[in-house]
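Some notes on the structure that comes next.
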Amino acid sequence: WNWRQQAIPESQRAQAMMDAAIARAKFEYQAVRNHLDQNGYSGMPIIIGETGWKAAASGGETMRAHPVNQAMYFERLRAWKQEAKAPQTIVYFSAFDEAWKQGDDKWGLFNAQRQARCMAQTLNSNLAAETGTCASTDAVFFRGAQSQGVITANRYSVYSEQTTSGEARPETTVVLNAWQDGVTSNAVEVSEASGDGQTVMQINPTPLSWGWGMTWALTSNVEVDLSNFTNGQLNFRIKTTYPGKIEIGFLTGSSSDGTAWDVYRAIEPGEFGYRNDGQWHTVSVPVSELVARGAPGYGMTAPTARLQLNRVSNMFVLADRYEFTGKSSNANVRIPILVDNIFWSR
């Protein structure tokens, strides 16, 4: 269903998106109602046992998850319930956030601290309120990604202290994002000479049961076209004694519009110049090697999620998802990894 409502002006798009959401809920309900009626069960009532709207993004839903959007959906449910042919009962999900669900959290009318979000506040003004306003203008809506254009240079530097003649660099700040809202690793610049200046980035994994990950990304909703690097390489310097394989790669598209595509490859010591002997080494992985192992990002499905080198949003990913590197669940490896001079080359 067309949740993005791109044909609608931005000033009206949040409203149109939520109208489309309730219209889809009604469509699904009516399909079930019609099927029952056609098979002799016209007297059987239908209960919607679970429906709701995220109040905050926990799995990439930055353009549709917000307390105001949640309230808009809830109000539409209440209006539907008053209609003559409405479901007998609609159970709203959920009362409270459930942090243990991680990427599937933030559905609550109350947050985990039992503070009321916008909808709950309208039901009882005496409740302790979550920080933030509930004005209709605060509702989020879909915006197409901003592109930094096609990179025609022979080198695109992601993280490099020294400049190279003829190179291109991101037009906005490069943001380091640890997966799971910063839970799985942290990064800090430290003083050390790697052959590229006097500072390097140190990644300190703090893994969950499945592992950890860190991305070097453009500012939210900004992308760059690296399609000229299809036959090129992803390069970086690394120093570590981290055991076994690590994952290297990048991401195209965006989880906010369902197009995110993971382009990762697990590499082991001895491949592409990688060593984990505690010395500095240069690693160069052909983009074709990474592309060959691409897959839909977390929570994404093909064909909406697909490889799009003209829409690179995370230019470099360093990770260790244990199921892909052969480590056991809860391996809890925390050995630091130093990286520097990250760049794409043609």
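The values are calculated or read from the model by the stated rules, or taken from the named source; none is laboratory data. Keep in mind the model is a prediction, meaning the values are calculated, not measured. Glycine also receives a Cβ, built like all others from the backbone with ideal geometry; neighbour counts cover every protein chain displayed. Just the protein is used for accessible areas: all its heavy atoms, side chains included, with ligands, DNA and RNA removed. Shrake-Rupley method; radii C 1.70, N 1.55, O 1.52, S 1.80 Å.
Restricting to region 243-261, and then to whatever is of a type outside the set (D, E, K, R) and in a helix (DSSP H, G or I), can you tell me which residue is nearest to Ala302 (Cα to Cα)? Per the stated criteria, the residue is Ser255. Within region 228-252, restricting attention to residues that are more than 17 Å from Trp344 (Cβ to Cβ) and in contact with a strand residue (DSSP E or B) (Cβ under 7 Å, 6 or more places away or on another chain), the residue that is surrounded by the most Cβ atoms within 10 Å (Cβ to Cβ) is Ile246.
For (1) at pLDDT 95 or above; (2) farther than 22 Å from Leu234 by Cα, each residue gets a yes or a no:
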residue	(1), (2)
Gly132	no, yes
Gly144	no, yes
Ala178	no, no
Asp181	no, yes
Val200	yes, no
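Inspect region 219-226 for any residue being touching a Ser or Thr at 6+ places or on another chain (Cβ under 6 Å), part of a loop (DSSP other than H, G, I, E, B) and surrounded by fewer than 18 Cβ atoms within 10 Å (Cβ to Cβ) and give the result as yes or no. So that I can check it myself, show each step before the final result.
The initial filter retains those residues of region 219-226 that are touching a Ser or Thr at 6+ places or on another chain (Cβ under 6 Å), namely 219, 222-223.
Narrowing further to those that are part of a loop (DSSP other than H, G, I, E, B): 219.
Filter once more, so that each one left must be surrounded by fewer than 18 Cβ atoms within 10 Å (Cβ to Cβ): 219.
Within region 219-226 (the criterion being touching a Ser or Thr at 6+ places or on another chain (Cβ under 6 Å), part of a loop (DSSP other than H, G, I, E, B) and surrounded by fewer than 18 Cβ atoms within 10 Å (Cβ to Cβ)), the answer is yes, since at least one residue qualifies.
Being open to solvent by 50 Å² or more (accessible area, probe 1.4 Å), in a loop (DSSP other than H, G, I, E, B), charged (D, E, K, R) and farther than 24 Å from Trp179 by Cβ is the requirement here; does Lys106 meet it? Spelling it out, it is not the case that Lys106 is open to solvent by 50 Å² or more (accessible area, probe 1.4 Å), in a loop (DSSP other than H, G, I, E, B), charged (D, E, K, R) and farther than 24 Å from Trp179 by Cβ. Can you name every residue in region 20-48 that is over 33 Å from the mean Cα position of the chain (by Cα) and either assigned to a strand (DSSP E or B) or under 19 Å from Ile8 (Cβ atoms) (or both)? Hits for region 20-48: nothing passes. Quick check: is even one residue across region 72-89 surrounded by 21 or more Cβ atoms within 10 Å (Cβ to Cβ), touching a residue at least 60 places away in the same chain (Cβ under 8 Å) and within 25 Å of Arg13 (Cα to Cα)? There is at least one residue in region 72-89 that is surrounded by 21 or more Cβ atoms within 10 Å (Cβ to Cβ), touching a residue at least 60 places away in the same chain (Cβ under 8 Å) and within 25 Å of Arg13 (Cα to Cα). Can you confirm whether Ala16 is open to solvent by less than 40 Å² (accessible area, probe 1.4 Å) and either among the hydroxyl-bearing types (Ser, Thr, Tyr) or part of a loop (DSSP other than H, G, I, E, B) (or both)? No, not satisfied.
Here Asn204 meets the list (1) closer than 19 Å to Tyr156 by Cβ; (2) more than 18 Å from the chain's Cα centre (by Cα) almost entirely, failing just condition (1).
The listed residues are Val174, Val188, and the only one of them that is touching a residue at least 24 places away in the same chain (Cβ under 8 Å), more than 30 Å from Met72 (Cα to Cα) and either under 23 Å from the mean Cα position of the chain (by Cα) or surrounded by 12 or more Cβ atoms within 10 Å (Cβ to Cβ) (or both) turns out to be Val174. Considered as a group, the residues in region 258-286 that are farther than 20 Å from Arg4 by Cα and among the small types (Gly, Ala, Ser) include one that is surrounded by the most Cβ atoms within 10 Å (Cβ to Cβ), and that residue is Ala266. Applying the condition of being under 12 Å from Leu309 (Cα atoms) and aliphatic (A, V, I, L, M) to region 225-278 and asking which residue is farthest from the chain's Cα centre (by Cα) yields Leu226.
Filtering region 287-346 to residues that are in contact with an Asp or Glu (Cβ under 8 Å, 6 or more places away or on another chain), among the charged types (D, E, K, R) and open to solvent by 10 Å² or more (accessible area, probe 1.4 Å) leaves Arg311, Arg321, Lys327.
Residues in region 1-13 that are assigned to a helix (DSSP H, G or I) and either farther than 20 Å from Gln70 by Cβ or in contact (Cβ under 8 Å) with a residue 40 or more places away in the chain (or both): Glu10, Ser11, Arg13.
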